[in-house]
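Here the structure comes first, spelled out in structure tokens, and everything after it is commentary.
Read the figures in this text as sums done on the coordinates, not as results from a lab. Fair warning: this is a prediction, and the values are worked out from it, not measured in the lab. Ideal geometry is used to build each Cβ from the backbone, glycine not excepted, and the neighbour counts take in all protein chains shown.
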């Protein structure tokens, strides 16, 4: 059984080693996190054991089985099951009843996500989120990446518009014009986080911006004029 770590690291439980679960496990492992990984597929668990000795083959996801793996010791548990909605819901319910502080569950539809939310899980939609990011990049030629945190809060990595080069932050005034805030500016491999009003935009600046989708749409229209 997996016990609480003394290293101070958070313990992450990952249930399901599909593409989403595997990618998540690899990223967490690379960051040095402590992991507990569960899957019913022996080959997938063998791969998981290269990341953690606490990888288990489980034939069911009943509460007793989850407890036996030590999953109740996790600080965060992520349910990466999508194709079997009933299993996803039951597993999430079991995790909630075990008292795990934070539970994140993958959903494949709005209805699926609503049920998971009512059970007490934070819901993610990997396919939808990736589609949103791709659509934004296709719509906006200068957008290098896009992350939607909520309907009103989005973060975009944006190549500096040609119209802004040689002008100061206060002159361009993205906040007043579009409701966008500059989080940081990257140039020549360096990142500036404290942006002064008199900062003059340079060619090849990469802007990290936050704001609404409507604000980014208006910025895109302005850059295409």
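Overview of results
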| quantity | calculated |
| --- | --- |
| Cα-projected label distance for residue 87 with residue 64, points at 7 Å along beta-carbon direction, nm | 2.0 nm |
| Residues of region 183-223 with amide N under 11 Å of the 7 Å Cα→Cβ point at residue 165 | 202-205 |
| Label-point gap, in nm, between residue 23 and residue 212 - each point 7 angstrom along Cα→Cβ | 3.0 nm |
| Neighbour-count order for 40, 196, fewest beta carbons within 10 angstrom listed first | 196, 40 |
| Cα→Cβ-extended label distance, 7 Å offset, between residue 96 and residue 10, nm | 2.1 nm |
| Burial ordering of 17, 67, fewest other beta-carbon atoms within 10 Å first | 67, 17 |
| Order of 156, 97 - criterion: other Cβ atoms within 10 Å of each residue's Cβ, fewest first | 97, 156 |
